[in-house]
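Input: a single structure, listed below in structure tokens.
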Amino acid sequence: MRACSIVCLLLAGCGGAPLGAVDGGADARTFTGGETVTLHLSPFSVAAGAEVYKCQDFANPFGGGDVDIDSFSSHFTPGAHHLLMFYKAGAVDAPLADCSGFEFSAGPYGSQRPDDQMVYPPGVGVGIDRGMGLRVQVHYLNASPSPLPVEATITMRVAAPGSVTARAAVFFFNNTDLDIPATGQPITISKTCTLPSDLNLLQTTGHMHSHGTRLTAVAQGRTIFDTASFSDVAPALFDPPLPLAAGTQVTFSCTYVNDTGAPLTFGESARSNEMCILSGQFYPAFGQGFGCL
């Protein structure tokens, strides 16, 4: 198996910017299947008690050709709240930079675990077209008394040409209508979204902040996601994929205990705001995925 890496080097002490480079050359080449490409975020450090969002752009790493990806794997230093990969048309290699926690766009992959993977069934994969770059975001909250050095990588395995007959995509359901009083008692807030097309569900996951105690999702009377964790959240995987018809209503609910003394609302801080998000992967894709906001 051949491998290449997109490596962003942190040029410390010389005023240089961490720019992307391709290990082995960035010229167009023919992938036969099984090759891997790894994105490395520039390493950085999170100060004791600090909370940060960092983003980095990568030019298309596949030599200018269209490819399908049949698996993703990721690793990040423990302490992250999430890692997300977005599509970014025409992106060029750029330095690591601060960014907003409200930033979101369509993308092929995300994780809330230090080590994670998404392996598609035979014939299914994610397409990355020529000219399409990628943007990676990480969210860290360092509750320790010491600085936290961070490294993060995402590895993509290229499918054999012609082997992917159905492209997968991500859905994203977000409930921003959160107003959680400081009662110190469990309070549950729900939202229902309707599927716009027939689909086959591959994976679901949920996202809350530190006051969240439970997130569940139900479709067609079946629980499709359930967690009591707000960090290191394990996704639910469907093997075989779960078929859901257009018009299916998906209800997701988050339970919170607010003991802060002040109301909690939707926001980017894992410490002082809350979120309630259900997302997942499905096929066949329509567009770059869909949302319910």
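What about residue 187, is it among the β-branched types (Val, Ile, Thr) and either part of a loop (DSSP other than H, G, I, E, B) or more than 22 Å from the chain's Cα centre (by Cα) (or both)?
Judged against the criteria, residue 187 is a match.
Tell me the residue from 92, 37 that is in contact with a strand residue (DSSP E or B) (Cβ under 7 Å, 6 or more places away or on another chain), in a loop (DSSP other than H, G, I, E, B) and either within 16 Å of residue 131 (Cβ to Cβ) or touching a residue at least 12 places away in the same chain (Cβ under 8 Å) (or both), please.
Answer to the selection: 92.
If residue 272 passes every condition in (1) open to solvent by less than 50 Å² (accessible area, probe 1.4 Å); (2) over 17 Å from the mean Cα position of the chain (by Cα) but one, which one does it miss?
Only one criterion in (1) open to solvent by less than 50 Å² (accessible area, probe 1.4 Å); (2) over 17 Å from the mean Cα position of the chain (by Cα) is unmet by residue 272, namely (1).
Which ones in region 50-77 are among the aliphatic types (A, V, I, L, M) and surrounded by 18 or more Cβ atoms within 10 Å (Cβ to Cβ)?
Within region 50-77, 52, 59, 67, 69 qualify.
Within region 284-291, does at least one residue satisfy the condition of being touching a residue at least 60 places away in the same chain (Cβ under 8 Å) and within 17 Å of residue 214 (Cα to Cα)?
First pass over region 284-291, keeping only residues touching a residue at least 60 places away in the same chain (Cβ under 8 Å): 284-291.
Restricting the remaining residues to those that are within 17 Å of residue 214 (Cα to Cα) gives none.
No.
Which of the residues belonging to region 204-218 are under 17 Å from residue 174 (Cβ atoms) and in a strand (DSSP E or B)?
Matches in region 204-218: 204, 205, 206, 207, 212, 215, 216, 217.
Looking at residue 285, is it among the hydrophobic types (A, V, I, L, M, F, W, C), modelled with pLDDT of 95 or more and open to solvent by 30 Å² or more (accessible area, probe 1.4 Å)?
yes
Please work out which one of (1) buried (at least 21 other Cβ atoms within 10 Å of the Cβ); (2) in contact with a Lys or Arg (Cβ under 6 Å, 6 or more places away or on another chain) is the condition residue 255 fails and give its number.
The one condition residue 255 does not meet is (1).
Being in contact with a Leu (Cβ under 9 Å, 6 or more places away or on another chain) and of a type outside the set (Gly, Ala, Ser) is the filter; apply it to region 58-74 and report the residue that is farthest from residue 120 (Cα to Cα).
58
Hey, can you tell me all the residues within region 157-184 that are more than 19 Å from residue 242 (Cα to Cα) and either assigned to a strand (DSSP E or B) or of a type in the set (Ser, Thr, Tyr) (or both)?
Selection gives 157, 158, 163, 174, 176, 179, 180, 183.
List the number of the failed condition for residue 149; all other conditions in (1) at pLDDT 95 or above; (2) surrounded by 14 or more Cβ atoms within 10 Å (Cβ to Cβ); (3) in a strand (DSSP E or B) hold.
With respect to (1) at pLDDT 95 or above; (2) surrounded by 14 or more Cβ atoms within 10 Å (Cβ to Cβ); (3) in a strand (DSSP E or B), residue 149 is out only on (2).
Restricting to region 190-202, and then to whatever is part of a strand (DSSP E or B) and open to solvent by 60 Å² or more (accessible area, probe 1.4 Å), can you tell me which residue is nearest to residue 268 (Cα to Cα)? Explain how you work it out, then say what you get.
The first filter runs over region 190-202 and keeps only residues part of a strand (DSSP E or B), leaving 190-194, 199-202.
In the following step, the residues that additionally are open to solvent by 60 Å² or more (accessible area, probe 1.4 Å) were identified as 190, 192, 194.
Working: 190: 19, 192: 22, 194: 26 Å.
Only one residue tops the list, namely 190.
Consider region 219-247. How many of its residues are in contact (Cβ under 8 Å) with a residue 24 or more places away in the chain, under 20 Å from residue 114 (Cα atoms) and either outside any strand (DSSP E or B) or polar (S, T, N, Q) (or both)?
Of the residues in region 219-247, 6 are in contact (Cβ under 8 Å) with a residue 24 or more places away in the chain, under 20 Å from residue 114 (Cα atoms) and either outside any strand (DSSP E or B) or polar (S, T, N, Q) (or both).
Could you tell me how many of the residues in region 97-133 are modelled with pLDDT of 95 or more, more than 18 Å from residue 236 (Cβ to Cβ) and either crowded, with 20+ Cβ neighbours inside 10 Å or among the charged types (D, E, K, R) (or both)?
5
Any chance you could count how many residues in region 82-96 are in contact with a Phe, Trp or Tyr (Cβ under 7 Å, 6 or more places away or on another chain) and open to solvent by less than 30 Å² (accessible area, probe 1.4 Å)?
Residues meeting the conditions: 3.
Restricting to region 265-293, and then to whatever is in contact with a Lys or Arg (Cβ under 8 Å, 6 or more places away or on another chain) and part of a loop (DSSP other than H, G, I, E, B), can you tell me which residue is nearest to residue 255 (Cα to Cα)?
So the residue we want is 276.
The values are calculated or read from the model by the stated rules, or taken from the named source; none is laboratory data. Remember, predicted model here, so these are calculated numbers, not experimental data. We place every Cβ from the backbone using ideal geometry, glycine too, and count neighbours over all the protein chains shown. Side chains included, ligands, DNA and RNA excluded: accessible areas come from the protein's heavy atoms. Shrake-Rupley method; radii C 1.70, N 1.55, O 1.52, S 1.80 Å.
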